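A.B. asks: Provided herewith is a single structure, encoded as structure tokens, for subsequent inquiry.
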Amino acid sequence: MDKEMEESMMGALENVIDPELGIDIVNLGLVYGVHLDEDGNAGVEMTLTSMGCPMGPQIVDSVKQALAELPEVKDTEVNIVWNPPWDKDKMSRYAKIALGVS
């Protein structure tokens, strides 16, 4: 997968908003990686802010919908991982400012 496609996928994922925090999952630092194979199968490795996150299924569905908007993507598999664990240091400067986190 080329850098341009990776940027397109990450750009699409910036449209996925964490419903509890009101910030997109990319700026929250929840997306650890994306890939796309030659058959159009996308993969997203990501985490959630907590293991018991009640919005997890909704966020996963939103990830699949966002990537389905890209013509190159035929199907998406989302892999939720807990290692490395998420913490506020993974957030972008924008997310930290928006949430008042230092």
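A.B. asks: Evaluate the stretch 21-29: report whether one residue or more is open to solvent by 80 Å² or more (accessible area, probe 1.4 Å), farther than 18 Å from ALA68 by Cβ and in a loop (DSSP other than H, G, I, E, B).
C.D. replies: Within the stretch 21-29, none of the residues are open to solvent by 80 Å² or more (accessible area, probe 1.4 Å), farther than 18 Å from ALA68 by Cβ and in a loop (DSSP other than H, G, I, E, B).
A.B. asks: Just checking, how many residues over the stretch 37-96 are buried (at least 17 other Cβ atoms within 10 Å of the Cβ) and on the phi > 0 side of the Ramachandran plot?
C.D. replies: Result for the stretch 37-96: 0.
A.B. asks: Another question, then. Among the residues of the stretch 65-76, is there at least one that is over 15 Å from VAL26 (Cβ atoms), touching a residue at least 24 places away in the same chain (Cβ under 8 Å) and small (Gly, Ala, Ser)?
C.D. replies: no
A.B. asks: Give me a count of the residues in the stretch 5-19 that are in a helix (DSSP H, G or I), surrounded by fewer than 20 Cβ atoms within 10 Å (Cβ to Cβ) and hydrophobic (A, V, I, L, M, F, W, C).
C.D. replies: Summing the residues that are in a helix (DSSP H, G or I), surrounded by fewer than 20 Cβ atoms within 10 Å (Cβ to Cβ) and hydrophobic (A, V, I, L, M, F, W, C) in the stretch 5-19 gives 2.
The values are calculated or read from the model by the stated rules, or taken from the named source; none is laboratory data. Being a predicted model, the structure only gives us computed values, none of them experimental. Glycine also receives a Cβ, built like all others from the backbone with ideal geometry; neighbour counts cover every protein chain displayed. All accessible areas refer to the heavy atoms of the entire protein, side chains included, with ligands and DNA or RNA removed. Shrake-Rupley method; radii C 1.70, N 1.55, O 1.52, S 1.80 Å.
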